[in-house]
Structure formats: structure tokens, C-alpha cells
Amino acid sequence: MSLSRPPLTPIGPELMRNSMWKKSIKNAGLITLLALSPALGFVACTDLTESPTSAIAPENFYRTEAEVIGGLASVYAQLRQVTEAYYNVTEVSSDEYIVPTRGTDWYDGGKWLELDRQTWGPDSQSSGELNGAWSALFGGVARANGALEAVEKVNFPSKPAVQAELRTLRAFYYFLLQDLFGGVPIVEKTILVAPDGNTRAQVFSFIESELNAARPALPEKWSADMHGRMTKGAADAILASLYLNARVFSGTVTATGLTPGAAKWQEAVDASDRIISSGTYSLASNWQSNFTASNHQSPEIILPVKFLNATDLGLNFLMRALHYNQYSPTPWNGFATIAETYLAFDPQDQRRQIFLEGQQVNLVTGAPINDNQGNPLVYTTDFPSRTGTAPGPDNTFDYAGVRIVKWPVDAARVQQNAGNDFAYFRLAEIYLIKAEALNELGRTAEALLLVNQIRARVFATPEPVPPTTQAGFRDVILRERLFELTAEGKRRQDLIRHGKFLLPWYNKLQREPYRILMPIPQSQVEANPKLAQNPGY
Amino acid sequence: MVVVRRLYLLIAGALLWAVVTPVAAQAPSGTVSGRVVDSVSRLPLSDVSVVIEGTRLGTVTREDGSFIIGGVPVGVQTVRARRIGYASPQVSVSVVPNGRVTADFALDRRVAILEEVVTTGYGTQKRLAITGSIATIDADAANVGAIANVDQMIQGRAAGVNITQNSGEPGGGTQIRIRGGTSISASNDPLYVIDGVPINNIPTETAGVGISGNEPPLPRNPMNLLNPADILSISVLKDAAAAIYGTRAANGVIVIETKKGAGGGPSMEYEFSAGKASLNRHLDVLSGPEYRSFITAQVAAGNVGPSVLAGLDTADTDWERAISRDASVINHNLSFAGGSPNTQYRASLNHMNQQGVILSNGFKRYQARLNGSHQAIDGRLRLALNLTGSHIKNDYLPFDNVGGFEGGVFINTLIFNPTLPVTVTDATTGASEFYEIPNQRSLRNPVALAEEIQDFGATTRTLGNISGDLDLFKGLTGRVALGVDRFDSNRGTYFPRSNPVGEEFQGLARQSNRNNTSKTIQTTLTFQPEIGPRHDFSLLGGYEFVESDLAEFAAEARGFVTDVLGFNGLSGGSTIQPLESRTEESRLVGFFSRATYGFMERYFLTGVLRRDGSSRFGEGNKWAVFPAISGSVRLTQTGFVPTGPFSELRLRAGWGKQGNPAIPPYASLLLLAADGGSRSVFGDRAVTGFSPTQNPNPNLKWEETAQTNVALDYGFMNNRFTGSLEYYIKNTRDLLLRVPVAQPAVVSTRLENIGRTRNKGVEFALDAQVMDRPNLNWTAGFVFDVQRNTAVDLGGRSFISTGRVSGEGQSDSRAQRIIPGEPIGTFWGPEFVGVNAAGQQEFNNYTVTRDAQGRELTRTLSGKTTSPDSDDDRIIGNANPNFSFGLRSQANFGSFDFSMLVNSQRGLDVFNNTALVYATKGNATRSKNFLSSALTDNVGITEAQIYSSRWIEDGSFVRLQNITVGYTFGSIRYLGAARQARVFLSGDNLLLMTDYSGYDPEVHTDAGIDAVATRGIDYLHYPRPRTITGGLRVAF
């Protein structure tokens, strides 16, 4: 009874319980009072404490290692969000993906056209996607913070490793946040007040120091049943990418463009070398085995986003790309690529097989298929305009555009949930990071060897890149990264690093220099008035 | 529960006290009997309260108007008869020992202001003494036609009360707004009080499974448990009058009294009605031949491939006709009542079976109700029991709340190719089966959806309350009431393999249970001393405790080899989905008091003070105090104004604070739960994860509304015309608003107490005794209201987006914004100006400059654009009506009676989302049908559907809600054993006059984002039918 008792309580519960019945017979006066008492609330129950039954208060959790793993799992679960709004923003704003309006479908208030054309704003249609990315990634940070605070208070054998995992995960979420938004607030505990913003250089330093601090306690490798958890290799891969992009990631973006930070080429080489020389990873002999439903067995994968063929746990990339009649369940017929990107690939390069062009078949049955008008479904490289007047692919046909199917059909999928993992980092990219950094250090010949190592497995007849200059190699590495890493969420970073993100391409004009950073969604600026909008927006 | 046990002891103690207290010696007594009729129609009046003044003796008249009161002390006694809607005359009789005297009454009809007794919070009050705003509804007059629940009885009969049925679905839910919605994120539903016990008015069955991930339709009406025929009166407490309910009163209170037993000989009544319901409005899509000729032309023009033409079949299916039917509505009511002078009972049985006008759905109710009352110790102890048991069976139809891409029955009715047949004969088996388009699942035969998908719910609900009133001393009465409300429900859903929806899962079966127990304890003490003829004083004090426990469980399996077992064969599924279970509990405690003072029946004053505590709020904010004060002056009686034309003129004013606690339990806490979004994958298996499901807010508290009400009650021409004119202003602050929070946060939004809204309005009511002659009695009522809602402040936010635009190509598109200074329900989008020569839609193109904070500085119109961007978005409509009115009329002409009800809203905007996504020729390129209006709109077949002012329509309407004609047989000659019989014919929703192009402009679709309110969005929903009902009532 009664944490907060009302003022009128002269008769205590004890008196009620013990004496009421017997005395009442003798004492009519007391009985009279008792008869009155309910009306006056003398015996009122006033306990309003809440004790949830199907959810857990944090102070009752994180007491055993099993509970800690349960908390940890939820921080990993947020990684799946990397393939949702973050992926859409980073890919559709680059030249890898285009999401054209297709008749009555995919207009979606114009948000995809904005991303394609790089005309987003803090409060425009595409800010929904930006807000989704912001919230999902910060959600990962918040989950990690909550788990770190709780783990601090308990003791169990693997505590140092779990803390290191959580810090690595948090650093990875910050890595992605600063990639889109620049100087976001660095927060290391659960907060209820709006935090101050930070500079992008501060976020860079935070990620760097967290990964360096966490790395020693991380395992080299997990047993097969724990595959997907953070390792030394994962921390090094994030660091390698961070250093590769250091001039951008630790730089300052103003309305007039990027003031670069200090280059960290040698650090990028060192981080890459730690992975390569660890002996833990090797290039898969078959390039495609990095993407199949059994890709968790690939020796090349360093930091996977894990998926499973089960409800709410699967990868659904095929749904975004394939025509309605091409797969089961019915896909959405949206994402395609532009001709320039598709045609950049060497026809002999096995990596070109990720594209679907020409007459299509059902990917499950193999049977040729028609479009919804009954015509054979033939994917075209161009995007004919339906209206014939508007410039570019404002509104095109269902069959328009080459599709990307890099993660093949999982025969054991559950509805749209496929079990293919999404490798955010794999060894091939580490080779390419090292090569790019070596070239910047003037070691172009060594760099060329690494690139050709990657190319060796994807050509029936070897087609090594011929020797070139340092400047020439920059084009080589940007192209090779496109060939190797298309649709893996890297293109926007690469284009920005090489100063090509704002250049005009197929359906897009030259854009303003500040657009290498996304605007902070207006709703986030209003939720946290301490945030300064990125310059230019 | 400790409290319950104590209460038992207390009741026992109270009884004992009553027994041991000396009672007056038995005196000689006699019996008073008589009959009460309407003074004009001379028809018997039932449910009239007849009392011996100055004693506790009394009863209620039976169906034939007769009454008997025994044990009346000898001598001259004053007998008074009272019934809502009538004057309450008294007669003197001289009672002789063991004798029987007669007291007959012919009651004059009176209206609103002069009604004697009105049920208010925690008791009844004399109408004259009420200083707040209370609308009363005569339940008998409102219970005509095909009425399934109490909500429908209020429509058009109370000023300032807006009732919108969610859809025309049988048993469907209702949105009730009393004086507009004040809240943006929390509930705007009123509190329901049945026979003094507040009801936990939550959905009784679990939410359905959306088709292909779409949202299932809104839940059915929890008030279906109550049979409208059992309702005696409905009072709607709109302002400070509701303040006695403190925290739960901000959205108003609906107080329902059920019919009670009468003393004297038993009476019995049986009523049967049967009706036919049918669609009365149609959406015009292309017929088979029209579709074929359209496709032929488009193929010739090169817009559509030639094979589409080849793919057309030869049928001409009207899919709307194919899914609809003439549906039957059958209702049986049997009631009997009786008792002795000291013990009365009324029992009733009801069965209602309402088919939907769409195939394969409906609603059945089996309900029994028992009211008993007993007076003991010379009438000083009064016990009452009300018990309702109901069993509801719901057969659900698979359709969508907010649509989506592929959709359920209604969407496919519009888009399914009209050249295709409903059924085909299987070439090998010769069996007839539903036609489905081969090798695709996104277009579904709507008839097959309705017939093949199984979705059934069953709810058993028991509502019981018992109360004891004891007169402790003269003028002092104590009361204890206990109420229990328990429901148990099960819902079973099966998507068969044979249907495209189920094919994806190879059959999907789900069973879910939901149950809730709410316990209420109320104790009150009423002190009403006699302090002279000029003063009228009463004091009420009380305590209330409400506890509610909810539990849910659901299991789902997929992958079946056969459809035969339906949802009963979960173990036959190859994949078992993660199980779901959930419980929650909440408590509410209140201490309240009310003092009323009347001077010479001219000046009245009421003060209310309530202190409430709710478990749902933050640790330091669980308790709050709600005061209210109101008063009235009868100007005509006090000589402040010359009587002039007025026979009655009364000024009322009141102010009070009320709360809105309508948020889920535990909303203030940081809680961890294992849900789908926390599960992860390690290796190649799923790992259960626990993560915070909401952001904590230890400061979370009530939403608080302060309401001021000023009113003028009037009567003129000797009160042949009466009514009231009211003005109110409701200022709501500390809104329970779900807003984005500063990141990092475990969830992107949090419930906070920020922002303010304001509602103000004018309500006008007029009741008229138009004619009052022998054999012709005609009354009419008119209610009119104007409401203005404003979102005053959103905690510094410049807007909150809400109102999903739904359909293909509409992801992330929003129709509404809540903007400070504008009403909730403001449409936001580009301004459509026309179609250009190329068939493209054109919109006003604006050039906007903004400051560093993104605030608009200047706006210049610079031509037109075919691809509007965010700078082109503006306010393009307001979903709130300029005004609304209701008109009702009732006439008795000899043995005939006639009544009608009209309601109307003017000047509201409706976003016709249905037209946006289905009035487009582009659908043909997806082999879909479309609304015929697109044939003539000059928009190219290739144009995308763009949300704009083009789709905002004027939703003004006038609806002829009901007309009823009845004939009463008074003569025994034709009726055998029956005393009286009446036959009637009634029509519901007979006529809808509107320019709106969709099914119905009265829409309620919950299209909110993060539970933020939306208004006036029409996504294709279950159309409201027209129903013709005939019936017979016989009294024995």
C-alpha cells in the first residue's frame, strides 16, 4: 500500500485488519465510522507504483552473461539498418543506383528523384530517408551506450571482450554517421538532454581512439557459431577506411566546399597490413561466394551485417531491384543503374554478371517472363521518357534500366527474407585501400600489384592493369573499386574522396560543393536546437 | 486484492449497523396504484418514476404505464411522477389502512431545460440545479432503425458531439469527439460510464493481420457489448460538469443509465425487427467493354503493348456488385420486469445478427442483462445489481485501414480487370473455382479474398456492478459500489494456400487471445441537509479506485500442406513464428467532492474538487488536482430582465480543469523487451536480443485542459420553445505529444508534455413543441455547432508531419501538417493548377527564401512546374467543418408515429486518397482498372499520381440518417393476450446529399504517423449501407 498516501488516513490498515470485526459488534460508534470511512477514503489504496510484467526495467537486467549477450545482440541487430535508409541515401545519391518514377509507381512524393539529382534539403521529401538513416544509426549508438553502462556494473569472464565489442560497434555507427552528416554529437552515455554538436575532426578522433582502445581486447576470430561479431580485423578495417578518407572525414565542409584535414595514408597502409598479415582472412577463390546465401563461410569477409532466412531477419535487396514478375514474393521493380555505370564494366569481367540486361527470366523458375502489359520483359540500358518532353528519366517504363543482382537468390528464403550476409568490409577492399594509400605515398608499382591480385580471380583470360603514373593510378583505383564494390555502399565515399561526387552524370547536373555532406533533417534540428545545420543548407 | 476484501468487510459492517440501529415501529399502511399516460397521445408511459413524496417509497411504471406502490403510510400522501422529457406533476391521495387508492397521471411533454432529474457524475441532479453543460438523449427516441450500439444513438442529437462511424462495417467502431479533439498524440475518446461504473473502452479483440503487411481495419466497437434497447438515458457531460471525473474528463464523459425494473405485477415485452441493407452509393469504374475499348485505343496509340489486348477475357464483371449483397439485419429483444414494493427486477435478452453488405462478414451479439434492486430497513438501505453478459461473434473482412500497394477487398474491387470472370471451371476436375490471374499475386480476385480468407473473433464480456446506498442520518447517505468488467476474446485468422495472399506463405494461420479485467470500487457520502425552504445544499465526497489488467497471447504458423484445418491446425505449419505475449496493468485512484448550493431555485452554485493519481505517469507526477466551479442565475425569476417573450431565461457560467491520461501504461519508464528489432544473427542462427523499446520520461504527466463555458438557457411561448446557446473555450496544455527527441536515443521519438491546443466553439440547441393537439403531437429539435481548433504551440517545433498518403508510388508522402496557429487536420501540399498539352499535371511554382533556421522569409509565385518540390507546398485545405447541425422531428398522429433525423456538416475538406491512386489511366499499364473520371481528365496515361490540392474535395454533406413510421394497436381485440403492440418501418442512411466523389465524405481513417492525429483522409473503406428495417413490438 501507499507510496504516496493521501492526507486523510487516520485509521491505519493494521487497525482495520486486526480489530474491526470483533470490536464492531460491541462498538456501534466505531461501526458508524467504518460505514462512513469508505466515502472519506480512509482505507483508500493509493499505491501507484508500476511494475511492468512483460518488459524489463534495466536495473533488473544485465545480471548474467546470458542476459549481457541478449543486450549485446540488440546492438548488433541495429546493423541490419545499414542496408535500409543509410544504404538508400548513400547509393541512390551516387551513380550506382537510380530510382526512376515508373508510371504510377515509385514517385513517392519525388524523394527518389531528389536523391538521384542531389537536390535534397533539410525539409524536403527525401529528408524522410535522411531522418531514417540518422535515427537508425544513432539508435545503434544509444543501444551501445545503454549496454556499456549496464555492463560496467556487473562482472563476468568475457566482460573486457564484450565492452570492446560494444565500443567497436558504437565507433562503426559513428563512422557511418559522420560519413553522411559530418560533425554529429559524440555521446557516450544514456542522455535525456540535448547534446552539443562536435566538429567532424572530433568525431574522427573519437572513432580512431575508441577503435584503438577496443582493439586489443577483441578476438582475432570467433567460432563459427559466433560468426559476425566484432574482431580485431573489423576494428582495423574501419580504421583503414577512416584513414583512407582522412582528408574528407577530418576536414571541414563549408558552403564553398571541403577544407581537407591531414592525410593518413601510412596509417591506412598499416591498418590494412595488420589485417592482411594476420592470416585470418584470405581472398575467396570464387568472387561470387562473397554474396551467396552461404557467404558467411567466405574467408574474405571481415565485417558482415548478418542476415538469416527468417521473418524480419533477412536481406531484401532483390525486392528493390527486380521486376514484379521476376521473383517470389512479388518484388517492387525500383532500383536500377545508369548506362554509364553499367557500360564501364569490361564484358570479360565476371563482376559484370551482377547486372541483368535484355530479356529476363524468373530468377526462381528460370522461365522467360513478360511485363505486366504482356510483352517480353527486356531491361534496357536507357530510360526512355514516357512523356517525351521532360528531360531525363522523370517518368519511365517498368522495363527501363539495368538491374543489379549482386546477392543471388537464396533458395531457402522465407518470403522476402534472404539469408545472404552483407559484407560491409571484406579483404578485397582492404587490398584496394592499401593500394590507394600506397599510391598516394608514391609506391604506385606496389599498388598496381595489389589491384592485379584482385583482378586475377575475375577474368578467365587475365587482364592485369598496365603500369601507370601516380595520377593515372587514381583513375585506375576509382574504377577498380567500382568494379569490385558496386552496390556495397562505398561509391559515395569514393566519389567524394576523388572529388567527383558533384560532377554531372546521366540525369544530374553539377551540384554545389556543400552537398558532399547531407543536411541534418529539419525534425532533428528542431529536436535538438544545439545542432547547427550543415553549411549551405 | 486487499481492498476488495476490506470492502466486503465494510459492506458487512454497514449492513450490520443498519440492522442494529433502531427502526421506526411498523405503522399501518395501504397501497397506491395507478397509470401514467402521455397527456396528448394518451399512450401509456413506461419507465416513469413514481414516488411518495417525503418517503423513500417509489417505483417505476411498466410498459403499460401502470404502477403499484405498497406499504404506504396511511394519511394524505403526495404522489409525484417523473420522467425525462416530461413535466413532473403531483397528486394528493388519502391512504387508508390496507386499502388501495388510485393516482393516475397524464404527463405533459417538456423539453431539455425543465427535465426533472438528470444523471450526472456519481449520482443524479435536478436539471434546474445543474450549472454545467450536459446534453441528454432520450434513448427510446434515439433507438430506431438499425442501431447496433450506443454511439450511433448520439449522432445528430447532441450539440458539440461529433460521431463518425469508422466505416459501414457491421459492429464497426466509432470516433466520438466532444467539443473537438484537444489532443494530438493521446486519445481523444470520451469516458464511458455505465450505471455509475467507468468502462475501460479498449478494443476487445486483437488487431487483425494486415494483408501483405498492410494495416488491418480499425477495431470493432467495444460498446457492442451493450444492447441499445436496454438503455434508459444518455447524458453527455461536456464541460466543468465532467470535472468530477478529473483526469479522465478532458474529452467529455458519456453517462449511460440502463432500464431498471418496476414494482408491481410482471410485464413482458418482445420486439423483433428485420432489415435489409444494401449499398447506396457506387464508385464508377470501367465496365468490361469500356475497359476493352480503352485498351484497344491505347494499343493503337502505342501506349500499351498489343499483348495486353490479347490478355483480356470476354467477361463483363461488375466487381462492386460481385462483392456486395443485400444483407439482412435481425434483432430480437425479450424483456420482462416486475417485483414487489421492495424488490424490483428487469431481465432482458438480445440477439442481433447483422450481415455486412459485403460478402462474408458480419456481427452477432448474444446478450443477457439482469437489473435487480431491493429496498430494506424501511427504504433506508437500497441495494442494486446490474449484470450484463454478452457474447459477440465478429466475422471480419480482409480490407485495409490505410490501403497500401496491393490491398484487400475494396482496392481489388476497383482495380481488378473487369473483363475477367469471378469463377472458372477447372478443366480437369470440373469443379468451379475462383479465377486468379496466373503467376502473380499483387492483383487478387476480391470475391475470393472475401470468401477464402478466414478471420473470426469471439468476445465474451461480463459487466457486473453492485451498489448499496444507506441513509445513515437524515440527509446523509453513504454508498458503496463495486464493479467488475471482464472480457475474454479469441481471434483466428487463416490465409489459405489457394488464395494469392496465402500462397506467399503456403498458408498462414494465427490465433490470438486478449483479455482484460477492470475492477472499480467507489464509495461516496452524500450530505443533503434541510436548511429551510429557500436553501438547497448538498455535499458529495467520494473515493474511487480502478484497476485494469490486460493480457494478450498470439501464435502464428506458416507453411501448410492443406487448407482444411484453417486456423485450428497451428501444429501443422512448417514454420512457427516467434510467439507473442504481453500483459499490462494500470491503476487510477481518485478523491473527489462536489458541493452544490441553490437559493430560492433562482441562484445555483457548484464547486468540484478532485485529486487523482494514475500509475501511468512519471514517478514524481502521479498526482494532480482538478478544480471546477460553475453557477447559474434564472434571469426571468430574479427580475434582472423583463420577462418579455421569455418564459425562462437562465445564465450559466463555469470554469474547470480536466485531465487526459490516455497513454499506455509504463510510458514514463525505460524498459527492455525482446522484439523482432532486437533479434540478431550470430553464425547461422537467430539470437534473442533485448533492447529499450521507448525513451524514459520521468516527468511525464497529464495533459491538462482548462475549460470555460458560458451559456444561456431559454424558453419562450410558455416553454413551447426551449434550448440553450453555449460558448466554450478549452485551452489544453502540457500535451502528451510524441515528438522526435535529441539523438542518440534508443527510439527516435518520446512522449513529452509539450505544446498547447485551443478549442472554442458555439453550440445552439432548440427544442420545439410545434403542435400539441389531441391526436397530433409534433416535436422538433435542432442542434448546431461551430468548432474552431488551433494547434497553438508544438514545443518550439515549426510543424509535425502526419497523414499518410497511401498507394503505389506514395511511400513517405504526407498529406497533413500540424502547424502552430493552424487547426489539426491542415492539408499541406502543392497547388494544382491544371494539365498541360502533354498531359502533365501542373502546379504553382514558388521561389522561397529562408533564414539560417530554415524559416520562410519570402515567397514569390514564379510560373508553373510539373515536378513540385518542397518549396511549392502550402496549406491546401482544412478537414474541420465550418459548422455542423442535426435536425430531428417526432410526431404522433392518432395511432401513427413518425420520426426523422438529419445531420450535416458544411465546409469541410476531405483528401480523396482513393481518387489520387485509382483515378488514373496509368493503372491500365499495370493491367489494373481505374475510376471512370480519369477518362476525361486530360492527364496522360504516363503521368505519376502526385498528391496535391487536386485531390482535396469539399466534403459538405446532408444526410437523412433515419426515417421511422410506426403504428400502435391499443385495442385488446386484435392482440389476444397482449396489451399493446406497435409495428414500425425504419430507414437508415436513406439519402446522402454531397458533391463529394468518393463513397462517403464522413471519413475516419487512422492515418497518423507516430500516433499523431489526422483528420479527413478517405482511403477506400467499407461503405456505409442503406438499411430498411421493419419490426414489431408486443407488450404483455
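The values are calculated or read from the model by the stated rules, or taken from the named source; none is laboratory data. Predicted, not measured: the structure shown is a model, and the values here were computed from it. All Cβ positions, even for glycine, are placed from backbone atoms using ideal geometry, and neighbour counts span all protein chains on display. When the accessible area is computed, the model is the full protein with side chains, heavy atoms only, and any ligands, DNA or RNA have been set aside. Shrake-Rupley method; radii C 1.70, N 1.55, O 1.52, S 1.80 Å.
Structure summary
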| quantity | calculated |
| --- | --- |
| Qualifying positions in segment A:185-204 - without any contact (Cβ under 8 Å) to a residue 24 or more places away in the chain and either of a type in the set (D, E) or more than 8 Å from chain B (Cβ to nearest Cβ) (or both) | A:I186, A:N198, A:Q202 |
| Checking B:N709 against (1) at the interface with chain A (Cβ under 7 Å from one of its Cβ atoms); (2) touching a Ser or Thr at 6+ places or on another chain (Cβ under 6 Å), the condition it does not meet | (1) |
| Pairs, first basic (K, R) in segment A:422-439, second outside any helix (DSSP H, G or I), C-beta under 6 Å, six or more apart | A:R426/A:E300; A:R426/A:I301; A:R426/A:I302 |
| Check on A:A213, small (G, A, S), outside any loop (DSSP other than H, G, I, E, B), at pLDDT below 95 and more than 21 Å from the chain's Cα centre (by Cα) | no |
| Selection count where residues are within 14 Å of chain A (Cβ to nearest Cβ) and in a helix (DSSP H, G or I), scope segment B:413-436 | 2 |
| Filter pass, B:T936 being free of Cβ contacts under 8 Å to residues at least 60 places away in the same chain and either over 30 Å from B:P438 (Cα atoms) or polar (S, T, N, Q) (or both) | yes |
| Positions within segment B:642-672 being touching a Lys or Arg at 6+ places or on another chain (Cβ under 9 Å) and within 14 Å of chain A (Cβ to nearest Cβ), in sequence order | B:P661, B:I663, B:P664, B:P665, B:Y666, B:A667, B:S668 |
| Single match in B:G795, B:G821, B:G803 (criterion: open to solvent by 10 Å² or more (accessible area, probe 1.4 Å) and closer than 17 Å to B:A186 by Cα) | B:G795 |
| Count - residues of segment B:219-258 that are assigned to a strand (DSSP E or B) and closer than 26 Å to B:I629 by Cα | 10 |
| Those residues of segment B:681-709 which are open to solvent by less than 50 Å² (accessible area, probe 1.4 Å) and acidic (D, E), in sequence order | B:E703, B:E704 |
| Residue under evaluation B:E842, criteria (1) within 24 Å of B:R738 (Cα to Cα); (2) away from every other protein chain (no Cβ under 11 Å); (3) not aliphatic (A, V, I, L, M), criterion not met | (1) |
| Residue within segment B:575-598 that is polar (S, T, N, Q), in contact with a strand residue (DSSP E or B) (Cβ under 9 Å, 6 or more places away or on another chain), away from chain A (no Cβ under 14 Å) and part of a strand (DSSP E or B) present | yes |
| Condition check for A:A142: surrounded by 22 or more Cβ atoms within 10 Å (Cβ to Cβ), closer than 25 Å to A:V187 by Cβ and either within 20 Å of the chain's Cα centre (by Cα) or of a type outside the set (G, A, S) (or both) | yes |
| Unmet criterion (only one of (1) closer than 26 Å to A:Y86 by Cβ; (2) outside any loop (DSSP other than H, G, I, E, B)) for A:N420 | (2) |
| Answer from B:E808, B:E831 - the residue that is at negative phi, among the acidic types (D, E), surrounded by 17 or more Cβ atoms within 10 Å (Cβ to Cβ) and more than 9 Å from every other protein chain (Cβ to nearest Cβ) | B:E831 |
| Hits in segment B:977-996 (condition: buried (at least 19 other Cβ atoms within 10 Å of the Cβ) and small (G, A, S)) | B:A981, B:S986, B:G987 |
| Test for B:G613: is it open to solvent by less than 10 Å² (accessible area, probe 1.4 Å), within 9 Å of another protein chain (Cβ to nearest Cβ), free of Cβ contacts under 8 Å to residues at least 60 places away in the same chain and more than 30 Å from B:A768 (Cβ to Cβ) | yes |
| Test: residue in segment A:350-358 that is assigned to a loop (DSSP other than H, G, I, E, B) and open to solvent by less than 20 Å² (accessible area, probe 1.4 Å) | no |
| Top-ranked residue of segment B:437-462 - restricted to ones that are within 14 Å of another protein chain (Cβ to nearest Cβ) and buried (at least 20 other Cβ atoms within 10 Å of the Cβ), ranked as modelled with the lowest pLDDT | B:S442 |
| Helices (runs of 4 or more DSSP H) completely within segment A:458-537 that count 3 or more residues being within 14 Å of chain B (Cβ to nearest Cβ), closer than 22 Å to A:T259 by Cα and open to solvent by less than 40 Å² (accessible area, probe 1.4 Å) | none |
| Count of segment A:136-152 residues which are without any contact (Cβ under 8 Å) to a residue 60 or more places away in the chain and either of a type in the set (S, T, Y) or at the interface with another protein chain (Cβ under 7 Å from one of its Cβ atoms) (or both) | 4 |
| Selection status of B:S66, among the hydroxyl-bearing types (S, T, Y), within 40 Å of the chain's Cα centre (by Cα) and at pLDDT 85 or above | yes |
| Strands (runs of 3 or more DSSP E) wholly inside segment B:849-951 that include at least 2 residues being β-branched (V, I, T), open to solvent by 10 Å² or more (accessible area, probe 1.4 Å) and at pLDDT 90 or above | B:856-865, B:873-878 |
| Candidate set from segment B:712-746 (those that are charged (D, E, K, R) and part of a loop (DSSP other than H, G, I, E, B)); member that is nearest to the other protein chains (Cβ to nearest Cβ) | B:D734 |
| Positions within segment B:619-630 being more than 10 Å from chain A (Cβ to nearest Cβ) and either open to solvent by less than 20 Å² (accessible area, probe 1.4 Å) or basic (K, R) (or both), in sequence order | B:A624, B:F626, B:A628, B:S630 |
| Residues (within 14 Å of chain A (Cβ to nearest Cβ) and in a strand (DSSP E or B)) located in segment B:684-706 | B:R685, B:A686, B:V687, B:S691, B:P692 |
| The listed residue being within 7 Å of chain B (Cβ to nearest Cβ) and of a type in the set (V, I, T), out of A:T46, A:T64 | A:T46 |
| Filtered residues of segment B:286-328 (kept if within 14 Å of another protein chain (Cβ to nearest Cβ) and touching a strand residue (DSSP E or B) at 6+ places or on another chain (Cβ under 8 Å)) | B:S307 |
| Number of positions in segment A:99-125 that are charged (D, E, K, R) and more than 7 Å from every other protein chain (Cβ to nearest Cβ) | 4 |
| Residue in segment B:485-494 that is within 14 Å of another protein chain (Cβ to nearest Cβ) and out of contact with any Lys or Arg (no Cβ under 6 Å at 6 or more places or on another chain) present | no |
